[in-house]
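Heads up: the structure comes next, in structure tokens.
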Amino acid sequence: MAQKIAKDNFRSVFKTIDKDVVRWFPGHMGKGLKQMQLKLRSVDCIIEVHDARIPISGRNTDFKYTVSGVKPHILVLNKADLIPKKLQTPIMDKLKSDYKHVIFTNCKDHQCGGVKKLFPLTQDLINDSNRYNRQDEEDFNLMIIGVPNVGKSSLINALRARHLRKGKASSVGAKPGMTRSVLHKIKMCDNPLFYMLDTPGILTPNITDVEVGLKLALCATIQDHFVGETIIADYLLFWLNTHNHFEYVKYFQMDKPCDDILQLLAHICKIHKKILRIRTPLNEYVVKPHLDAGAQILLKAFRDASLGKYMLDESLL
């Protein structure tokens, strides 16, 4: 009953933020897109990687026209371990009009069934295609594309480890935008001879919906400091409350849900002992909660599924 009473007073709309999330498109992304287009003639199949937590919103739908074209195209929804498995079928049903081939993966799992399925499917699609100007080429090239920080490099390394059994070929980082340019060929398999092209993460140049931008930020496809940790944390709290997900109450040892991000962050700071000692003009010190540190703790708990497994587009299914 306490949760229901608290929820009656929750926000129904997330206020518009001041940060210009909707136009965050660094120059290196435009350059990277042009590089990808120049490589298209040498590509046999496009593998688009996206975050399974935002399978509908946040995808760069322009890829279908600017990069993929008539090439065989597979959508890989990575980080599938972070969403409820029961949602995979509804997600595929929602996407079937746009994507004929959808595979869920967890590239951190060496036994991932999705990773195992990917290469045979790729071979079948290429064999059924015309290959256009590459009919006489003995090697096959895959281009791995997607928005930042969805696991493209992790997928490349997983495929390489599975089919070539050598070390990592592409850098993996927690921050979006680590891959800045289209790299040289990375060998994936000797027989048949397959190569992969890693590419920079490319966001849609104009994110038309602020909430889509916040979901991208929450899944770390936009660097936190561009939006602000507290703003992202506030959107997370709003989303959790709106969708009746109150697992954070138990996780952070609270008495009941709340709708005030400053109250929640102050509580997190208290239990994690995150404080700031600030000197006043009178040369005295006051102690305040380190709210940015509290926001980082909250975001980490969401991103590593400590709060539970969530799919942020559940209302769009």
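Taken together, the values in this text are just the output of simple stated rules run on the coordinates, not laboratory data. In this text the structure is predicted, and so the values were computed from the model without any measurement. Quick reminder, even Gly has a Cβ in these numbers, built from the backbone with ideal geometry, and neighbours come from all protein chains shown.
Quick notes on this one:
- Residues residue 288 and residue 119, FRET efficiency given R0 of 51 Å [Cβ-Cβ distance, rounded to 0.05]: 0.45
- Computed magnitude of the charge dipole of segment 230-317 (debye, nearest 20; Cβ of K, R +1, Cβ of D, E -1): 500 debye
- Extension gain from residue 193 to residue 61, taking 0.36 nm per residue of separation minus the Cα-Cα distance: 44.5 nm
- Each peptide in 190-198, 148-156, 264-272, 125-133 gets a packing score, the mean of other Cβ atoms within 10 Å over its residues, and the list from highest to lowest is 148-156, 264-272, 190-198, 125-133.
- For the residue pairs 85/250; 187/309; 152/288; 15/288; 39/100, the alpha carbons lie more than 30 Å apart in 187/309; 152/288.
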